[in-house]
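The structure appears right after this line, and notes come after that.
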Amino acid sequence: FQFGWVGSPELANSIAITVVPLPYLLVVNSTTNHHHIPEDEPSQLTPEAVTIFLEQIHNQSAPVSQLLNCHF
């Protein structure tokens, strides 16, 4: 995983195809153009919840969404 911070929400909004609240966690696989959004509210994400979410992505058990018309 690589971590980054986006100063404005426009990129995250275009990836998720919705308006996302800030702060927000969004994981993008730039190879497959899939993205993952945790089911928990961003304000409720503990370090442990983030770890579980990333492990689910790693073992391919997290829900996947396809990116639409998004260019990086």
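Annotations for the structure displayed:
- 3, 53, ranked by accessible area, largest first (probe 1.4 Å): 3, 53
- Measuring only protein heavy atoms, the 1.4 Å probe finds residue 18 accessible over about 70 Å².
- Residue-averaged 222 nm ellipticity for the chain, from DSSP H runs of 4+ at -39500 (n - 2.57), nearest 500: -7500 deg cm²/dmol
- Amide hydrogen neighbours beyond the local backbone of residue 34, cut-off 5 Å, H modeled: 29, 67
- Accessible area of the stretch 1-67 belonging to carbon and sulfur atoms, whole % at 1.4 Å probe: 54 percent
- Of 49, 16, 62, the one that fluctuates the most in a GNM where the chain has Cα springs shorter than 10 Å: 49
- Mean projected area in nm² (Cα convex hull; one quarter of hull surface) for the chain: 4.8 nm²
The values are calculated or read from the model by the stated rules, or taken from the named source; none is laboratory data. Every value quoted in this text rests on a predicted model; they were computed, and no experiment measured them. SASA here: full protein model, heavy atoms, side chains in, ligands and nucleic acids out. Shrake-Rupley method; radii C 1.70, N 1.55, O 1.52, S 1.80 Å.
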